[in-house]
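First up is the structure itself, then whatever we jot down about it.
The values are calculated or read from the model by the stated rules, or taken from the named source; none is laboratory data. If you're wondering where the values come from, they're calculated on a predicted model, not measured in any experiment. Ideal geometry is used to build each Cβ from the backbone, glycine not excepted, and the neighbour counts take in all protein chains shown.
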Amino acid sequence: MSPLKITAEDGATGPVLRIAGDLDHDTAPELRGLLPTIVLRPGQSLVLDLAAMPFCDSSGVSALIAAHNHALAAGAGIALVAVPANTLRILRIVGLDQVFAIHPDLATATRAG
Amino acid sequence: MSCTGPGPEEAGGGTAPAPTFADLLEDSPEDLYDNAPCGYLSTLMDGTIVKLNDTLLGWLGLERKAIVGQLRFTDLLPVGGRLYHETHFAPLLRMQGEISGVALELKRADGARLPVLVSGVVKYGSTGTPLLTRITVFDATDRRAYETELLRSRKAAEESARQARADRARLQQALAVLQQSLLPSTLPEIPGMEAAGYYHTASPDRLGGDFYDVFPLDDRRFAFFLGDVCGKGPEAAAVTSLTRYTLRAAALHDPDPVAALTTLNQVLHERYSGVDPRFCTAIFGVLEPSPDTGHVTVLLASGGHPPALVLRAAGTADFLHTPGGLLVGALPDPRFSAATTTLAPGDTLLLYTDGVIEARTGPDRSSLFGDEALRAFTAEHAGSARTVIAALSGLLSGLGDGLDDDTALLALGVPTPASTSASTSAPTPKNTP
């Protein structure tokens, strides 16, 4: 169990959130609470870098969906970067791999935007 | 708890030869006797009062001449105290020669009762014959008030503990009723099929987020579903309840599995859209038995749920894949994927929630059970719906704290004609005469 740390920066295609630590029942509200402060313009893309997220449970998935809804409401897109294998497996089972754009690394994601 | 004044019948006895400072202050033994902060009285062995001090007279509110030689000690006591005196106080005093700190009440002239603590000592003559009894009486009003207060607090504590127990019992009853709304207490009889379920909740309030149900659609077909609501506790249970009844109602309106999941998605998305999205994964399906062949056609759809397993009579197990189906309730316009299979006699359809494939196994509880392990295990235990559920529940209860998530299992099987006989369906063959 590792504590959650979220850092935000501006990328070429819009805001980039680096999520470091477990995204679970206890920590997911942090990401959800942060979302309203993330300003997105139509056509931008919200990028979530998950390279340092070792664990994500159903509450974490719920927070990712909240991020998706936030981006959609702003007319923006959403992309996940460097999704760890165990989380990618969950996303495939629940069908969310079709909902999020998924990129191997940040460079690909921000170029693709 | 004893009064160490001079004996009553010696009160007029000799004076100290050399006055000390204390003697100057308490120069009169009579005064000390009569006005001591406790009551004194002396009785003959039959209880007749022969002497008592002013303090006690004042407490009783009686004239000395109305008492001395006229009353016995027991005449000063109310009925209950008299009884206690006869059964405890007097016998113990006779036996031991003394008794101390007995709580009694004295009757006052005005009818009021004075709570007292009574001690007594028998005075013996030189030949050892008991002559009289000396009794000291302490006013125990304050002490009694304190005891009453203690008693009152204890009663209040007992009352609130009783109330808490009653509240807990009522809450448990309410939870049990709610739990019933989440899960069927028994599965219905499906003609030509056997159904078995298993449910484990990791939540201490027993309100889980996993659910399943089986119910008739018409006189021929049955519908079933099994799923997992995101989250835990009462909030998840509320979604579970909404999900169960939505699916039941949707199926009666249109039993097509994709249509039922689509309706559920609309309901959940409308109810829980916004900052707190709630969703579930679920498999919904319809069983259509064919009376001619004894086979059952299964049509199902999955919304983001791990694929069902089909266990064949031959001892194989395979996933019935439903790729691409999206979890239910999260997004406004999802896609659900359908699949179909046919169950022949001896085949079983197994639905499960991810609690089972995420159960932690191994000596350090660090490795996950996994979907391939589940497939292999069920292939070994294929046979009937009850057999596979019994084997899996045995496996899961063996995991103990490795099973940290809710887990639900539902097996729907077509029995082989032979499996109705005990000798073939029992795990170990029995000797039949």
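Among B:L396, B:L331, which is the only one that is surrounded by fewer than 23 Cβ atoms within 10 Å (Cβ to Cβ), assigned to a loop (DSSP other than H, G, I, E, B) and modelled with pLDDT of 80 or more? Step through it out loud before you land on a result.
Values: B:L396 fails: assigned to a loop (DSSP other than H, G, I, E, B).
The match here is B:L331.
The rows are residues; the columns are (1) more than 11 Å from the chain's Cα centre (by Cα); (2) among the charged types (D, E, K, R); (3) on the phi < 0 side of the Ramachandran plot; (4) modelled with pLDDT under 90.
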| residue | (1), (2), (3), (4) |
| --- | --- |
| A:K5 | yes, yes, yes, no |
| A:G11 | yes, no, yes, yes |
| A:D24 | yes, yes, yes, yes |
| A:V39 | yes, no, yes, no |
| A:L50 | no, no, yes, no |
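Of all residues in region B:263-319, how many are farther than 16 Å from B:T240 by Cβ, within 14 Å of chain A (Cβ to nearest Cβ) and in a strand (DSSP E or B)?
The number of residues fulfilling the criteria is 4.
So which pairs qualify, if the first residue must be in region A:82-106 and within 12 Å of chain B (Cβ to nearest Cβ), the second must be at pLDDT below 90 and assigned to a strand (DSSP E or B), the Cβ gap must be under 7 Å, and the two must be at least 6 apart or on different chains?
A:I90/A:C56
Going through region B:223-260 one residue at a time, which ones are more than 38 Å from the chain's Cα centre (by Cα) and of a type in the set (A, V, I, L, M, F, W, C)?
B:A250, B:A251, B:L252, B:V258, B:A259, B:A260 - these are the residues of region B:223-260 that are more than 38 Å from the chain's Cα centre (by Cα) and of a type in the set (A, V, I, L, M, F, W, C).
Mind checking whether some residue in region B:114-123 is over 23 Å from B:L60 (Cβ atoms), touching a residue at least 12 places away in the same chain (Cβ under 8 Å) and out of contact with any Leu (no Cβ under 7 Å at 6 or more places or on another chain)?
No, region B:114-123 contains no residue that is over 23 Å from B:L60 (Cβ atoms), touching a residue at least 12 places away in the same chain (Cβ under 8 Å) and out of contact with any Leu (no Cβ under 7 Å at 6 or more places or on another chain).
Looking at A:S58, is it buried (at least 21 other Cβ atoms within 10 Å of the Cβ) and either in contact with a His (Cβ under 7 Å, 6 or more places away or on another chain) or modelled with pLDDT under 90 (or both)? It would help to see each step written out before you state the result.
Values: buried (at least 21 other Cβ atoms within 10 Å of the Cβ): yes; either in contact with a His (Cβ under 7 Å, 6 or more places away or on another chain) or modelled with pLDDT under 90 (or both): yes.
Yes, satisfied.
With respect to A:L31, is the statement that it is outside any loop (DSSP other than H, G, I, E, B), at pLDDT 90 or above, within 14 Å of chain B (Cβ to nearest Cβ) and under 14 Å from the mean Cα position of the chain (by Cα) true?
Values: outside any loop (DSSP other than H, G, I, E, B): yes; at pLDDT 90 or above: yes; within 14 Å of chain B (Cβ to nearest Cβ): yes; under 14 Å from the mean Cα position of the chain (by Cα): yes.
Judged against the criteria, A:L31 is a match.
State which residue pairs qualify: first residue outside the structural domain of B:G80 (by TED's automatic domain parsing) and inside region B:96-110, second residue among the small types (G, A, S) and in a strand (DSSP E or B) in any location, beta carbons under 9 Å apart, and separation of 6 or more residues or different chains.
none
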